[in-house]
Amino acid sequence: MSDCGFYVNNPSCALAIITVRHLIYSRPHCDITQKGYEKKRGKLLAPYIPQIQEHRIQTSSQVAPPGSKQNKPRVANSRDERFRSDLHTEAVQAALAKYTERKMPMPSKRRSVLVQSSVEACTPPDTSSASEDEGSLRRQGRIASSSPYQAHPSVEHWFNRVIQGSSTSSSASSTSSHPGGRPHHATNATSASAATVLADLMAQTQLDNHSAPPDVTGLSERSVHAERPQVASMRGLPRRYTHTSVMETADGVPVNSRVSSKIQQLLNTLKRPKRPPLREFFVDDFEELLDVQHPDPNQPKPEGGEMRPLNGEPLGVVTNWPPSLLASLQRWGTTQPKSPCLTALDNAGKPVYTLTYGKLWTRSQKLSYTLLNKLSTRNEPLLRPGDRVALVFPNNDPVMFMVAFYGCLLAELVPVPIEVPLTRKDAGSQQVGFLLGSCGVTLALTTDACQKGLPKAQTGEVVTFKGWPRLLWFVTDGKHVAKPPRDWHPPIRDASNEIAYIEYKTSKEGSTMGITVSHSAMLAHCHALTQACGYTEGEIITNVLDFKRDAGLWHGVLTSVMNRMHVISIPYSLMKVNPLSWIQKVHTYKARVAVVKSRDMHWSLLAQRDQRDISLSSLRMLIVADGANPWSISSCDAFLNVFQARGLRPEVICPCASSSEAMTVAIRRPPEMGVPPPGKAVLSMSGLSYGVIRVDTEEKLSVLTVQDVGQVMPGALVCVIRVEGTPYLCRMDEVGEICMSSSSTGISYFGLPGMTKNVFETIPVTSSGAPISDRPFTRTSLLGFIGPDNLVFVVGKMDGLMVVSGRRHNADDVVATALAVEPMKFVYRGRIAVFSVSVLHDERIVVVAEQRPDGSEMDSFQWMSRVLQAIDSIHQVGVYCLALVPANTLPKAPLGGIHISETKQRFLEGALHPCNVLMCPHTCVTNLPKPRQKQPEVGPASMIVGNLVAGKRIAQACGRDVSQLEDNDQVKINPFLYMQDVLQWRAQATPDHPLFLLLNAKGTVANTASCVQLHKRAERVAIALMERGRLNAGDHVALVYPPGIDLIATFYGCLYAGCVPVTVRPPHPQNLTTTLPTVSKSVCILTTQAIMKLLKSKEAAAAVDIKTWPLILDTDDLPRKRIPQIYKPPTPEMLAYLDFSVSTTGILAGVKMSHAATSALCRSIKLQCELYPSRQIAICLDPYCGLGFALWCLCSVYSGHQSILVPPLELETNPSLWLSAVSQFKVRVTFCSYSVMEMCTKGLGSQTEALRLRNVNLSCVRTCMVVAEERPRITLTQSFSKIFKDLGLSSRAVSTTFGCRVNVAICLQGTHGPDPTTVYLDMRALRHDRVRLVERGSPHSLPLMESGKILPGVKVIIANTETKGPLGDSHLGEIWVSSPHNATGYYTVYGEEALHADHFSTRLSFGDTQTVWARTGYLGFLRRTELTDASGERHDALYVVGSLDETLELRGMRYHPIDIETSVIRSHKSIAECAVFTWTNLLVVVVELEGSEQEALDLVALVTNVVLEEHYLIVGVVVVVDPGVIPINSRGEKQRMHLRDGFLADQLDPIYVAYNM
C-alpha cells in the first residue's frame, strides 16, 4: 500500500482518519506523466479553484488498482512526482493569486534610515525631499487607467511591473489580475504610486473559511458617505478629489498633503465609520471585559477511538554485548588499536588527523589520570568523582572533544559540553552561564588554539563571561597531560544509574536547562540505535551534525565507539565553504551511513552543478536528523530528485524524530529490514490548528504535507497525550504530544525537580482516568500522531507552538509559507524567525526575516505584503508584526540558524533594529472590549435625586471669604480701584521701596526698580504714547519686550495713558510668521530698538504685509517729562488689559481683563500667599500671559513685596540660576513652570553635590508652586523633590496651581492650609467618565494630585458637560468657576467671539440657577477630604483631570492624551517625548527619538503593544521624529493640534512613518 491512501477502520465511527491525498486526485500505481502533472499543476494554479469532485482513496485491501499487487515492494525509480517539494510554493502562489491588487500605504522613511536602499529606488512617499517637479506631476494628476478585461499572464505581473508616475501616495487600483477572474471595478486614479501594492489588505478580504476581521470601532458603516465627503472611500471619490487630496486642518486651512492621502488609504483599508459624539449615560461596564474568544461551533472535533500505546520491537539480546560503553572503548582500544575511529577535516576538506581506537584509549586514560591526580587547590584534589566539568571545544576539533569526553567518563566526572563563547555578549551565553553555575562547574576543558582565541582580561586570564561562574581553564593538548604510572588503571564499572553526561537544551523562553543522561540510558540508547539502524562493526559513517549534542553526539561519538565504526566528521565551517563536502566524502570513503540535517541537503542542491563524478550508491542510510520538521520533506524530495541519477536509492532516506529529553523517539528503518513502506499525508492546516487530523478536502491551499519518521525505537513504549491539562490519551485522529517510556531517555533536568517531575515522570491516563502503565513516561515535546502501519508522524514541536485565539499554529509551518513567497529573492532561507508574543491576553504572531542587502525599499514592502496574504490564506491567522532586519544582524545559534528566544527578547526590548516593519494590529486583535453603548435617556433631575438619595453631596466648594480676611495692609490698598492708582500711591508713600530685581544668566542683578522709578518710567511711556503715537483712550498697544522691567514699566505707562496693553513674546527670527499676526491687530507697537530692526526686516515683510503694519515706537530713550494727569477709567468694569495665550489645541485666544477683575486677582493672590512689603518672592516664569503675567507685572505693585525676576530663557545657559537665586535671597515663596522644573531635573540631576559645595541651600523654601493649566505632572514634581532633597528642599514644599483662560488663578497652594493630597484613580473607569478610587499600586491606577487650594473669593462647582446639571462629590464633570476675577470674555484675532460667549456666563440647568458661572473647559472632580482647612471646615480638594478639548473619543470612550503618552514614553528608553492625536478615528502617535536613527523602527511595535495592553486601543499611525519636533508652548504644554496640522501638511520631516494595518 505504498502509494494509496489509508483508512483506519474503527467500528465506532467509520470515517477516514487520514487519507493520503496526492495533490488532488488519486492515480493508478504508476508514474504520472509530465503532461498529466502539468495539467494538474495548472488546475491548482487556477485563480479560483473550481470545486473538484472529491475522490476518496480507498485502502488497498478494499479496492486495489488494476494491475497492482498487494503490498508491491518499492521500486527504486517509482518516485511520486506529486509530492514535489515546490507544492507549498505553488499553493502560496495560488493563494496570492486570489487577491486582486490592493492599495496599502507604504511606510515612509527618511533617506538616512534607508540602511540599504539601492540608489535607483524612488524616494519613498512623504519624505521631506518632495521635489518641485514631483508636485507638478501631482497637480497634473496623470491618469493610469487599466482596462477591465486586460489579461495578465502571470501572478507576478502586478508586482514586477514598473512603478510609473510620481512617488506620491495617491491611489491606483487595477483590475483582477487573472483571466477568468471577475473584473473588479476599474477606476480612474492618480499616478500609480509606490504605495499601491495592496490597498485594503486583509480588512476587505472575505475569505471563505473565516469571517472578515471585526470593525474596530464597532459601528455600522452607513454613516460614512453621508457625513464626511472627504472621508468617503477613495474609490468612490468624485472626480475633483482624484487630483489632489483636499483636507482641512483644525483652523480650516486646506492642506494639499501626501501624508493625508496615505492616511486616507489606511482609512479605506480599515473602513472606519465616523464616531457619533459621546453621550452621558452609558451602560455601566467599566470593568471593560476583554472579548472572550468563543470556540467556533463548527470547528472539527476528534471523532476516532482512543489510541492504544504503541510498543517498539523488543531490544535484541546479543551475547557479547558490553556491560558499559567504557568497556567497549577498552575492548577496541586494546584489541583493535590500529582501527580508525574518527577522521577530522580542515576547512579545505583535507583529512588533518585520524584518531585510532588505540590512541583514543591511551589519550583518554592520560587525561583522566591528570584530571584526578594533577589538579589540586591547597593540597586538596580539585575534582572528585561525580563533579561536573565543562567541555568547551570548537566545532572543527572533534578529536580533542572525543578524547576529553571519554577522559571525563573514565575519571567518573560528568562532562557538560557547551559552545565556545566568542564574545562576552553571545546570544544565550548568559543562560549557559546559569546552567554552569547551577551544575557547580569550576573547571573548563578546552584546546590550546581555542584557549588562545578566547577574550582575555588585562591579567591575561580568560575573562569571566556575563552570568558565568568563575572557571579554571585547563588545556587538554598532549604537553599538558601526564602519563599515568603503569599500575594505574581507570575503573571500568558496569553501566549504572549514575549521571554519565549532561546535554544542554534551550527552552522556548530562552532559559538553558541541563538534561542528565545516566550510564545505563547512554548504553541502552546506543543499543537501540545499533539495532534500529542495523550498524555493524567497522562501518564508515559521515557526520555533518554538531558532535557535542543531539544526534551528532549519539551517532558520531557514542554509538560509533560501541560498534568500532569509523566516523568522518565534517565541520560546519567546511560546509559553509563547500556545501558539497559531505557528499564528496561519502563518495571518497564509500560511507555506508550519513547523518545530516535537511539544511545540508538543501545547500548541496545549490552547489551540485559543479560536480559530475560523484556517486552515492554506497549509502544504505541517509539519516535526516530533523526529518520531523515540516519543510524537511521538500529538501528530501528535491535532493532525491537530483541525486537519484548519482546512485542515491529513494529508500535509503531515513528521517528520524528526536528530542533532547527522550533522545531518539522514532527512525525510519533502512530498507533491508523489511519494514512497511514510508507514508506521506496531506493534512488540512485548518484541522491541525484545532488539533485534529483531517485529510484535506475543500481548501486546496492550506495543506501540510508530512512524511513519517518511521517506527518507534526498539524497547520503547510510545503514546500521544493531550497538550494541555491532565495527560489524557488522545483519540486516533487527534494531534497531541508524543510521550515515550524507555530505558534510553534522559532522567532529569539538572537541579530542577519541579520541571523534571512534569516532563520526565508523566503518567498518561485513559479517558476514564486509569493510568495506562506503571512506568513513567517522558514528554518528547514533539507534536504528532500515530498513523497506519504504526508509522509515527510529527507535525510540530511544543517550542514552536503558538496558540492564537484558541487555535494552534506551528512556527515552522509559518516559516515554510513565508519562504514560499518568492523564496530566496528578498530574504535569506533559514534566516527567518517566527515566534509569538503575548499582547492583550492572547498570543500574537511575529515574523522577523533578514533582508538581502540589494533589496529595494519597494521590493521588501511588496514581499512583506505578500507574506501577510499568504499566511492569512494558508493558515487563516493574521500576522501581528512583520519585520525585516539588515543581513547578518539576527542573533545566531552556535551552528548557524537563528537564536529564536534571543530574537524575541530583542524584539520585546526594542533592540532588534529592523529596517522595515509592518504591523497589522487591526487584523489580528479581535478581543478588544466592546465599544461603549448608550443607555436609555435619564433626565438631569433624576440624576440629582439619585445623588441625594445615595447621600452624596453636590460637588461645590469655595475659597475663604475675602471680606473676613482684611488686614491693616489690605485696608490701605482697598480705596484704590485701579492698579495705576496703587502704583502712584506707593511712589508717594514708599518711593524707595524696591519692587523688582531682574537677574541675568550669570546670577548678577541686571536691573532694579523701586516704586518711584517704576512710576517715573511709566509716566514717560504714557507721554510718548500720547504725543508721538497720538493714541486715544481704549486703543490697543502691543508690548513686544523680552522678560524684564521695561515690560512692566510700559504696561503701567499704557494704563496711565488709558490704552489697553497686550503683552506679546518677541518674535524669534525663525518663527516670525506665527507671532506677527497677533501684533498687527494693535494700533501701536512699543518695543526695543533691537526688536524693531527684526520687525522691519525682509523676513517680516515676507510674512506680513508691511503696509498694514501699525505704528512702531521704541522706548529705549524717552524724554523725561511728567504726565499732566493719569487716566481714570469711568467704571471698574472697563477693559484693563488683554491676556493672549495659545491654547493646547492650538487656538490663539485673548481674554479681556477688566480693572475690577485685575484688582480682585491681585487681592486673592495676596491673601492666599500672605504677601506683604517685607516679603521677597522669586519668579521664574514667562511674563506674557496667565498667572505668569499677573505675578510678574501686577502682584508686586499691588502687595508691595519684592519680586526677584528670573527669565526662564536664561536657564538654558545656566540651569542653576533660579535655585541659586532662591538660596541666595532666602526666598520662602517661589513660582516656576513645568519647563523650568524639567530643565532643573535634567540639567542639575547629577550636580547636586557641586551645588552644595557652592552653598546652595533650599531649606528656606516653604512653597514652590508650579504655574500650570493642566493636570499636575506628579512624576516630574516628585522627581524634582527627590533630587533637591539633598539641598534641603522639603518634600512638602512643591505644589501646583490651576488656572485657565476664563480665570487665570483658580487654585494656588499658598502658605497655609493642609498639604496637597494625592488619590489613585482607576484609569479604565476614567475612560467612562467615572471616578473610581483605588489603592496605590493597583493595576490600571493613575495618581492624581490636588491642584492647590481654591483662592479666596472663588467658587467652584462640577457640572455635567451635556445636561449642565450639578454633579455629586467624586463625580467627573466640567469644572465651572465663579469669582470676581473671572475674565469677561474672549477677544479673538479671527473674530469668533459669539461662539464662546457661554464660556463666561452660563447657568446650571437646575439647582442653583441664579449664579453666573464660567466654564473652564477642564474635566475634574471635587472630593471632600478628612483634612481641615484654616477655617476649621473639612477641606474640599479639587482634582483636575484634563482639558475637554484635548480628549480623544475612541470606541465610545474618552481618553486623555497624557495617559497614552505616559505609557508610550515608558515603553523604550530612547523615547524622549510623545504626543498623540486622532485623525478620523485613527490614533496617531508621534514619538521623539533620542538615539540613533536605526532604533526608529524598534519603537513601532513597542508603542503599538503598550497602547494595546494598557489602553485597549489600536494605534493607526506611528510617526518617529527628531527631538524637539513636538511643539511646546511657554508653559511647557504640548501643542497637539499644531503637531497634527504639521503632520497632515507633511512638515514634520519624520524619520519614519508606520501605518498600522
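The values are calculated or read from the model by the stated rules, or taken from the named source; none is laboratory data. Quantities reported herein were computed from a predicted structural model and do not represent experimental measurements. Here the Cβ is made from the backbone with ideal geometry for all residues, glycine too, and neighbour counts use every protein chain on show. Ligands, DNA and RNA are excluded from the accessible area calculation, which covers all protein heavy atoms including side chains. Shrake-Rupley method; radii C 1.70, N 1.55, O 1.52, S 1.80 Å.
Residue-by-condition table, conditions (1) open to solvent by 20 Å² or more (accessible area, probe 1.4 Å); (2) part of a strand (DSSP E or B):
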position	(1), (2)
825	yes, no
830	yes, yes
836	no, yes
848	no, yes
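The residue that is most open to solvent (accessible area, probe 1.4 Å), among those in the range 1105-1142 that are touching a strand residue (DSSP E or B) at 6+ places or on another chain (Cβ under 6 Å) and β-branched (Val, Ile, Thr), is 1142.
Quick one: is residue 320 within 52 Å of the chain's Cα centre (by Cα), exposed (fewer than 14 other Cβ atoms within 10 Å of the Cβ), at pLDDT below 95 and among the polar types (S, T, N, Q)? When the stated conditions are applied, residue 320 does not pass them. Out of the residues in the range 794-823 that are touching a Pro at 6+ places or on another chain (Cβ under 9 Å) and outside any strand (DSSP E or B), which is surrounded by the fewest Cβ atoms within 10 Å (Cβ to Cβ)? Taking the candidates together, the pick is 806. Here are some conditions: (1) small (Gly, Ala, Ser); (2) at pLDDT below 85; (3) in a loop (DSSP other than H, G, I, E, B). Residue 946 meets all but one. Which one does it not meet? Condition (3) is where residue 946 drops out. Pull up the range 1155-1200, narrow it to residues that are of a type in the set (D, E, K, R) and in a helix (DSSP H, G or I), then point me to the one that is least open to solvent (accessible area, probe 1.4 Å). That would be 1166. Of the residues making up the range 588-610, one or more are hydroxyl-bearing (Ser, Thr, Tyr), more than 24 Å from residue 356 (Cβ to Cβ) and at pLDDT below 95. In this structure, does residue 791 turn out to be touching a helix residue (DSSP H, G or I) at 6+ places or on another chain (Cβ under 7 Å), closer than 30 Å to residue 674 by Cβ and either surrounded by 23 or more Cβ atoms within 10 Å (Cβ to Cβ) or charged (D, E, K, R) (or both)? So residue 791 fails the test. Tell me, please, whether a residue that is under 41 Å from the mean Cα position of the chain (by Cα) and under 17 Å from residue 1415 (Cβ atoms) can be found in the range 1318-1328. No; the residues of the range 1318-1328 include none that is under 41 Å from the mean Cα position of the chain (by Cα) and under 17 Å from residue 1415 (Cβ atoms). Checking each residue in the range 538-549 for being over 10 Å from residue 595 (Cβ atoms) and assigned to a strand (DSSP E or B) picks out only 540. Within the range 984-1005, residues that are under 20 Å from residue 1123 (Cβ atoms) reach partners that are in a strand (DSSP E or B) and open to solvent by less than 20 Å² (accessible area, probe 1.4 Å) with beta carbons closer than 9 Å, at six or more positions or on different chains, in the pairs 986/995; 987/1010; 991/1010; 995/1009; 995/1010; 995/1203.
In the range 1060-1091, of all residues being at pLDDT 80 or above and assigned to a helix (DSSP H, G or I), the one that is least open to solvent (accessible area, probe 1.4 Å) corresponds to 1091. Residues in the range 878-935 that are farther than 23 Å from residue 1517 by Cβ, free of Cβ contacts under 8 Å to residues at least 40 places away in the same chain and of a type outside the set (Lys, Arg): 888, 889, 909. Restricting attention to the range 1276-1325 and to residues that are acidic (Asp, Glu) and within 24 Å of residue 1338 (Cα to Cα), the residue that is least open to solvent (accessible area, probe 1.4 Å) turns out to be 1322. As a summary of the residue check, residue 541 satisfies the conditions (1) modelled with pLDDT of 95 or more; (2) open to solvent by 10 Å² or more (accessible area, probe 1.4 Å) except for the one numbered (2).
Are any residues in the range 550-567 part of a helix (DSSP H, G or I) and of a type outside the set (Gly, Ala, Ser), and if so, which ones? The answer is 550, 553, 554, 555, 557, 558, 559, 561, 562. Here are some conditions: (1) at pLDDT 90 or above; (2) in a loop (DSSP other than H, G, I, E, B). Residue 866 meets all but one. Which one does it not meet? Among (1) at pLDDT 90 or above; (2) in a loop (DSSP other than H, G, I, E, B), the lone unmet condition for residue 866 is (2). On the stretch given as the range 1228-1265, residues that are in a helix (DSSP H, G or I) and open to solvent by 30 Å² or more (accessible area, probe 1.4 Å) total 8.
For the range 1403-1461, which residues satisfy the criterion of being assigned to a loop (DSSP other than H, G, I, E, B), more than 22 Å from residue 1506 (Cα to Cα) and under 39 Å from the mean Cα position of the chain (by Cα)? Those that are assigned to a loop (DSSP other than H, G, I, E, B), more than 22 Å from residue 1506 (Cα to Cα) and under 39 Å from the mean Cα position of the chain (by Cα): 1444, 1445.
A count restricted to the range 635-648 and to residues that are open to solvent by less than 30 Å² (accessible area, probe 1.4 Å) and within 48 Å of the chain's Cα centre (by Cα) stands at 7. In the list 774, 789, which residue meets the criterion of being outside any helix (DSSP H, G or I) and more than 36 Å from the chain's Cα centre (by Cα)? The match here is 774.
When you check residue 577 against the structure, is it β-branched (Val, Ile, Thr) and either under 27 Å from residue 791 (Cα atoms) or over 38 Å from the mean Cα position of the chain (by Cα) (or both), yes or no?
no
Could you check how many residues of the range 513-526 are open to solvent by 10 Å² or more (accessible area, probe 1.4 Å) and either hydrophobic (A, V, I, L, M, F, W, C) or touching a Phe, Trp or Tyr at 6+ places or on another chain (Cβ under 7 Å) (or both)? Matching residues across the range 513-526 total 3.
Of the strands (runs of 3 or more DSSP E) contained entirely in the range 470-525, those carrying at least 1 residues that are touching a Gly at 6+ places or on another chain (Cβ under 7 Å) and of a type in the set (Phe, Trp, Tyr) fall at 499-506.
Quick grid of which residues meet (1) more than 50 Å from the chain's Cα centre (by Cα); (2) without any contact (Cβ under 8 Å) to a residue 12 or more places away in the chain; (3) under 29 Å from residue 760 (Cβ atoms); (4) buried (at least 24 other Cβ atoms within 10 Å of the Cβ):
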position: 528; (1), (2), (3), (4): no, no, yes, yes
position: 533; (1), (2), (3), (4): no, no, yes, yes
position: 545; (1), (2), (3), (4): no, no, yes, yes
position: 567; (1), (2), (3), (4): no, no, no, yes
position: 572; (1), (2), (3), (4): no, no, no, no
position: 598; (1), (2), (3), (4): no, no, yes, no
position: 605; (1), (2), (3), (4): no, no, no, no
position: 616; (1), (2), (3), (4): no, no, no, no
position: 620; (1), (2), (3), (4): yes, no, no, no
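Considering only residues in the range 1018-1059 that are outside any helix (DSSP H, G or I), open to solvent by 10 Å² or more (accessible area, probe 1.4 Å) and without any contact (Cβ under 8 Å) to a residue 40 or more places away in the chain, the one that is farthest from residue 1188 (Cα to Cα) turns out to be 1030. One residue stands out among those in the range 1473-1494 that are open to solvent by 30 Å² or more (accessible area, probe 1.4 Å) and not in a loop (DSSP other than H, G, I, E, B): the one that is farthest from residue 1273 (Cα to Cα), which is 1494. Of all residues in the range 655-702, those satisfying the criterion of being in a loop (DSSP other than H, G, I, E, B), of a type outside the set (Lys, Arg) and at pLDDT 90 or above are 660, 661, 662, 690, 691, 693.
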